[in-house]
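Quick notes on the structure that follows.
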Amino acid sequence: MSLEALTITSAGGRTSAQFVPGANMVCCSLKHDGVEWLAQRRGVATYAEAGKTMGIPLLYPWANRLGRFGYEAAGKTVVLDETDPRIPRDSQGLPIHGVIPGLLNWEVVDGTSASAVEARLEWASAELLELFPYPHEVEFDAGLSDGQLTIAITVRASGGVPVPVSFGCHPYLRMASAPRDTWEVELAASRRLVLDGRGIPTGEREPVTEARVKLGDTSWDTPLDGLTQPTRFSVTGGGAKLTVAFRTGYEFAQVFAPAGENFICF
């Protein structure tokens with residue numbers, strides 16, 4: 001498993017990003033005017049080997065927790081092994097965020113420009129189909145302009161059966177010049193999903209009463225729906241603002257900002 005990163009740079013030279021094809025195309029660095037805007041936490045190696053998220057991870061083939069070691073989707077019933085080391089687990093031992101990123105080694109397409117990268121993944125091996133039995137291909141496209149990174153994910157079925165779609169990117173954003181308790185967050189959603197004690201949605205929803213909140217010392221691990229259009233989540237602090245804009249295909253969001261940690265994810 002190679003953890004070598006490739007770098008793309010905006011045409012204006014102010015913004016750069018690094019991606020690791022051997023760790024599920026995680027974006028491990030995003031700099032603008034020399035400032036790092038991503039929380040790198042435990043680093044790429046720990047992410048690849050144990051699924052400890054950082055940077056901008058692609059949570060694949062599912063994002064967030066499963067309520068048990070198994071699932072039903074697209075006419076198939078899948079039973080997962082509770083001892084399988086290929087499946088990351090949350091703090092309560094539930095399967096979370098698909099498979100260990102080091103299993104997913106992407107092929108970078110030649111001829112990509114200096115400000116963009118394209119990569120492809122075939123979900124066709126017996127090892128991957130055991131965990132998610134839906135043959136398909138995934139295309140990853142990332143492009144940079146000054147101050148803006150755009151990522152697009154395309155999934156194409158390749159085995160004559162429908163492919164469930166439940167993935168997402170989850171950027172770990174940090175405000176380098178401001179303490180966490182001063183950050184101001186803008187939420188682009190009208191409802192939050194009520195969770196049980198394991199962090200699994202109960203099916204109930206509550207209204208989001210404030211679209212703009214101070215992060216303070218509160219802890220967030222909150223799924224949202226009823227997304228406003230256009231869907232733009234943001235965090236502001238120290239005179240800087242970072243915005244995550246959802247393009248198409250996303251009906252849910254997850255805000256993750258544990259107390260005591262200097263990052264927020266949308």
From the residues in segment 227-253 that are small (Gly, Ala, Ser) and either under 15 Å from the mean Cα position of the chain (by Cα) or surrounded by 14 or more Cβ atoms within 10 Å (Cβ to Cβ) (or both), which one is farthest from ALA39 (Cα to Cα)? GLY249
Exactly one of TRP37, TRP62 is farther than 26 Å from SER166 by Cβ and either within 20 Å of the chain's Cα centre (by Cα) or crowded, with 17+ Cβ neighbours inside 10 Å (or both), and that residue is TRP37
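Does ASP81 satisfy the condition of being surrounded by fewer than 17 Cβ atoms within 10 Å (Cβ to Cβ), closer than 27 Å to ILE200 by Cα, of a type in the set (D, E, K, R) and in contact with a His (Cβ under 9 Å, 6 or more places away or on another chain)?
On the way: surrounded by fewer than 17 Cβ atoms within 10 Å (Cβ to Cβ): yes; closer than 27 Å to ILE200 by Cα: yes; of a type in the set (D, E, K, R): yes; in contact with a His (Cβ under 9 Å, 6 or more places away or on another chain): no.
It is false that ASP81 is surrounded by fewer than 17 Cβ atoms within 10 Å (Cβ to Cβ), closer than 27 Å to ILE200 by Cα, of a type in the set (D, E, K, R) and in contact with a His (Cβ under 9 Å, 6 or more places away or on another chain).
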Given the criteria assigned by TED's automatic domain parsing to the domain that holds GLY143, closer than 23 Å to ALA253 by Cβ and at pLDDT 95 or above, does THR15 qualify? no
Failed condition for VAL208, given (1) crowded, with 17+ Cβ neighbours inside 10 Å; (2) within 20 Å of the chain's Cα centre (by Cα), with all others met? (2)
Taking segment 145-174 on its own, how many of its residues are at pLDDT below 95, over 17 Å from LEU131 (Cα atoms) and aliphatic (A, V, I, L, M)? 0
Would segment 146-157 turn up any residue that is assigned to a loop (DSSP other than H, G, I, E, B) and surrounded by fewer than 16 Cβ atoms within 10 Å (Cβ to Cβ)? yes
How about segment 168-262: which strands (runs of 3 or more DSSP E) wholly inside it have at least 2 residues that are among the aliphatic types (A, V, I, L, M)? 189-195, 220-227, 240-246, 253-257
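The values are calculated or read from the model by the stated rules, or taken from the named source; none is laboratory data. On a predicted model such as this, the values are computed, not experimentally measured, just so you know. Don't worry about glycine lacking a Cβ; one is built from the backbone with ideal geometry, like all the others, and counts go over all protein chains shown.
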